[in-house]
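The values are calculated or read from the model by the stated rules, or taken from the named source; none is laboratory data. From a predicted model like this one, the values you see are computed outputs, not experimental measurements. We place every Cβ from the backbone using ideal geometry, glycine too, and count neighbours over all the protein chains shown. Protein only, heavy atoms only, side chains kept; ligands, DNA and RNA dropped before computing areas. Shrake-Rupley method; radii C 1.70, N 1.55, O 1.52, S 1.80 Å.
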Amino acid sequence: MKLSTTLLAAAATLACGSAAFAAPPNTRPPVLRGPIAETAYDGITDDLLTAGLGKTGLLGAAPAFVDPLHPTPAELRRNAIHTNYRALVDSTIAGGFTVFYGPNIDVNGNDTLGEGKIAGREYIVWADDGSGRQNVTLMVQVPDSFTPDKACIVTATSSGSRGIYGAIGTSGDWGLKHGCAVAYADKGNGNGFHDLMSNAVTARDGTVFDASTDQYEPLFVAAVSDDERAAFNAATPNRVAYKHAHSQQNPEKDWGKNTLDAVRFAFYVLNERFGKPDHHGGHRATLNVKNTLVIASSVSNGGGAALAAAEADTEDLIDGVAVTEPNVQPRFTKNLVIRQGANTVATIGKPLADYFTFANVYQPCALLSAQAGLSLHAAFWPAAYTTSAQNRCAALAAKGLVSGATLEQQADDALAKMQAYGWQADSNFLQQSHFRFATNAIAVTYSNAAGRFSVLDNLCGFSFANTDASGNVIAQVPAAQAGLFSTGNGVPPTSGINVVYNDSVGGAKLDFLATSPSTGAADFALDGALCQRSLVTGRDAVTGTKLTGDMKAQSDRVRAGIKEAQLGAHLHSKPTLIVAGRNDALLPINHASRAYFAKNQAGGYKARNTRYIEVTNAQHFDSFIALGLLLGYDTRFIPLHVYFNRAMDAMWAHLTSGTPLPPSQVVRTVPRGGVTGAAPPLAAANVPPIQASPAAGDVIGFSGNTLSIPD
C-alpha cells in the first residue's frame, strides 16, 4: 500500500517544489495515437458528470435532438451520458436515486450537491497497437476540485460493451465527487457499428459517416473488401457488424491492458496540467505512483477489467481495487470447492462463453418452470414467445437433452440442469427476463469475439439486423442509426438492431421467431444455439461426439480465444474488495465472483488483502428494478449500486487512513416488498451496512481448497 493521505500530500509538495528537478520528463505513452481532444466544461451549462442535465435531467426522458437525422457531437455526448448513467442504476426516486445515490448525493451520503453538476476538463484519445484497427477510446476527466497535493485517480472502465461513458454513473460519479481524475476506457468494444448496406460507421464523437470517406476515423469498420461487402449484401442484405463481435481481435484479452493504459494516460494528462515546467517547453512527471492514489474500479465487464489490470500491473500503478459483480473467468479451478451452507456447489468456474451457451440451450425451457414463474409483461413477452419456449422444451426432450413426459416435467428438468451447472436457486425468477434481454445476445457476441470471426462468417447462422413486427429483416432506420452512439449498448439487440437467425425455415428471421430446420418449429433457433454450444465444448451438443472438419476448426478458434481471456486471480497483494449479488443470473457467482475469490484465496498469504462481500436480494441489472410493473423486480431486489459506493468508501478509508478492510461476509438485505410496480421507497433498513465485525453466521471463510459461504 502507498503512503497515507498526509504523507502523500507532503510527497506531492516536495515533488512540486525544490525536488521537482529530479522528476523525469512527462512522456506521452507510446500506445496513444493521434491528437488529444480537450474540452472544458463550466459546471453550469455543461459538465463532466451529467452533461448539463443535472439530477433533474437524469430523472427525466432523454432530450430530443434538434435534427434527429444529424445530431451534434454535443447532443450525442449529452444523451450518451443520460443513457449510460441510468443504465447502471435504478433511476427511480423510490429505488434510491437522488436519495441514496445520484449526482446530488455528496461523499458522505447526504443530499447537499443540488443538481450535481461538476466542472472540469475532459480529454479523449485513441489507444492503438499500431495497426490503426484497435482504436480503443481512452478518456480522462479532471474535475476542477482536483488538487495535486491530494492527487488521486479512479478507473472507470466501461461495463458491458458500452461506449466510453459506460461507467459514468458508477466509478465516474464516485471519483469525480472525491476530486479524483477519472480514467475511462471502452475496452476496445465500444459502441461501434458498421451498416454494411449503406457503409455507415460511427466516429469517436458519435456522428455517423460513410466509411469510404476519410472524413473521420471510425470506432470500428469491418475488415472486408468492397467486393466482399457487395457479395455479402447481395446474399444477406441489411446486416450490421458490431465491434465487440466482429473486430476479429478478441478484445477481452486486452481489457486489463486497456485499463492500465487509461491510468497511464491520466498520469500524462495530469502532469501536462500540474507538473513543473522543464527547460524544454514541456513538463516534469511530478505526479507519479509514489504520490498519487490509484483505485481500479468499475462494475460487470469493467469490474473484470479492473481485476485484470491489477493482475497485469507490473509498475505498481494501482493501490487498491473495488469492484461489483465483475465478469471474471478464473482458470484452473478444478481442485477448488465452493460450499453454501451444508451443500457443495456441483459446477463452478466455467468461462463465460461456456455457461452462456449452456443457458442459451436450456433457459428458454427452464423459464416455463413453476419455480421460475413466467411473469413478463406482454410488451416484452408476447404469446408467440411462450409458444417458442414450449416448442424448445419439446425439441430438447426429443433430442434427449431433457427428461419428462409433460411440459411441466421438461421445464423443471431444464431448470434443474441450470442449477446443477452453477446457477443459484435464488436466480430462478430472473431466468425469463435474462433470456429475453441478454442470453442470446451474449452467446452470439462472445462466440464470434473469442473465435475472431468476421461478420461475413454468419457464425452458427446468426447475424445482426433490424427486423419488423413479423421478425423479417428490414433496412436500418436512419433516425435510430443517427443516435446509436447515445442509445446503443454495443451488443444487439439494441436500438432496433436485433439478433437474426439466417437459417430459419422460410428465410432469415428474428431469432425469437425463428424456426429451426431440425425441428420444423419456432423454438428460438435451437439449431443455432446447439451449434454455439458445440463450438465451446468441442463436442456435438446432442450426441457428445468430438467435432470434426470445419466445426472442429471453428471450435478450436473459439476455445483458444476463451483461454486468452481467463485470469489467474493473482492480485499481487493489492487491497481488493469484490462485491456480488447472490441472485446474479447473468454472471452466476459460482462461475464468476465466488470462483475468482476462491482461486485468489488458494494463493495463501499473497491473497490476505482480498475480501469478498456477497449481498442477498441483489442481482446484476439495477436498472431493471425501475421497471417493476413490467419485470417484477422492485418488490424483490435492492440496488447493488449502494454497495458499490460502500466498497469504494471502504477502500478509500483503507488507503488514506489505514482503516482495516471489512472481513469477507454475507450482507443480508431486506426487500422492499409491497405491490409489484409500487414497492415502498428504499429505506436504510433495506440496505444494512457492510460490517466491520460481522456475526459469525455471516462470515465467509476459506480453508484448504474450500470456500465456505453461509446460507
With a 1.4 Å probe and all protein chains kept in place, how do Cys531, Cys365 rank by accessible area, largest first? Cys531, Cys365
P(r) for the stretch 441-506, please, calculated from all Cα pair distances in 5 Å bins and given in %. 3, 17, 25, 24, 20, 10, 1, 0
Checked against the positive end of the charge dipole of the stretch 279-416 (+1 on Cβ of Lys and Arg, -1 on Cβ of Asp and Glu, about the Cα centre), the farthest of Phe356, Gly404, Gln329 is Gly404
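With Cβ to Cβ distances under 11 Å as the rule, what net charge do the other residues near Asp503 carry (K, R +1; D, E -1)?
-1
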Local electrostatic count at Trp255 - Lys and Arg +1, Asp and Glu -1, tallied over other residues with Cβ under 12 Å: -3
Which whole-number percentage describes the relative contact order of the chain, with Cα contacts under 8 Å and a sequence gap of 6 or more? 15
Within the stretch 489-517, whose backbone N sits under 20 Å from a point 7 Å along Cα→Cβ of Asp540? 516-517
Carbon + sulfur, % of accessible area of the chain - ligands and nucleic acids excluded, 1.4 Å: 55
Express the accessible area of the stretch 532-662 per residue in Å², computed with a 1.4 Å probe while the remaining protein chains stay in the model. 33
Percentage of interatomic Cα-Cα distances in the stretch 520-625 larger than 17 Å: 68
Probe 1.4 Å, accessible area per residue of the stretch 188-230, Å²: 41
Find, among the GluC sites (Glu not before Pro) in the stretch 272-379, those assigned to loop by DSSP (not H, G, I, E, B) with at most 16 other beta-carbon atoms within 10 angstrom. Glu315
Let me cross-check Trp652: its accessible surface, 1.4 Å probe, with only protein heavy atoms counted, in Å² to the nearest 10? 70
Which percentage, to the nearest 5, of the DSSP beta bridges contained in the stretch 270-355 is antiparallel? 40
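When the dipole is taken about the Cα centre of the chain, and only Lys, Arg (+1) and Asp, Glu (-1) are charged at their Cβ, what size is it in debye, to the nearest 20?
Magnitude of the dipole: close to 1680 debye.
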Protein chains only, probe 1.4 Å: how do Arg594, Arg672 rank by accessible area, largest first? Arg672, Arg594
To the nearest 0.05, the calculated FRET efficiency linking Ser703 and Val107 through their beta-carbon distance, R0 being 60 Å, is 0.95
Karplus ³J(HN,Hα) for the stretch 472-478 (6.51 cos²θ - 1.76 cosθ + 1.60, θ = phi - 60°; Hz, whole; x = Gly/Pro) runs 8, 5, 10, 6, 4, 8, x
Calculated FRET efficiency for the pair Ala475/Gln691, C-beta based, R₀ 60 Å, to 0.05: 0.60
³J(HN,Hα) computed for each position of the stretch 34-48 - Karplus, 6.51 cos²θ - 1.76 cosθ + 1.60, integer Hz, glycine/proline x: x, x, 8, 8, 10, 9, 9, 10, 7, x, 10, 7, 8, 7, 6
For Leu587, tell me the accessible area in Å² from a 1.4 Å probe, rounded to the nearest 10. 10
Whole-Hz ³J(HN,Hα) for each residue in the stretch 55-60, computed from phi via Karplus 6.51 cos²θ - 1.76 cosθ + 1.60 with θ = phi - 60°, x for glycine and proline: what do you get? 4, 5, x, 5, 6, x
Let me check I've understood the local charge: for Ser593, count other residues with C-beta under 9 angstrom from its C-beta, Lys and Arg +1, Asp and Glu -1. What total comes out? -2
Distance in nm between Val670 and Arg339 label points, each 7 Å along Cα→Cβ, equals 3.2
How large is the translational diffusion coefficient of the stretch 245-404 in µm² per second when you combine the Kirkwood radius over alpha carbon pairs with Stokes-Einstein at 4 °C and 1.567 mPa s? 63
Give the Debye-formula value of log10 I(q)/I(0) at each listed q (0.11 Å⁻¹), with one equal scatterer per alpha carbon of the chain, two decimals each. -1.16
Relative contact order of the stretch 462-528 (C-alpha contacts under 8 Å, at least 6 apart) in percent is 28
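Could you report the stretch 320-365's accessible area per residue, 1.4 Å probe, as an integer in Å²?
32
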Label point distance in nm, Ser225-Thr314, each placed 7 Å from Cα along Cα→Cβ: 3.9
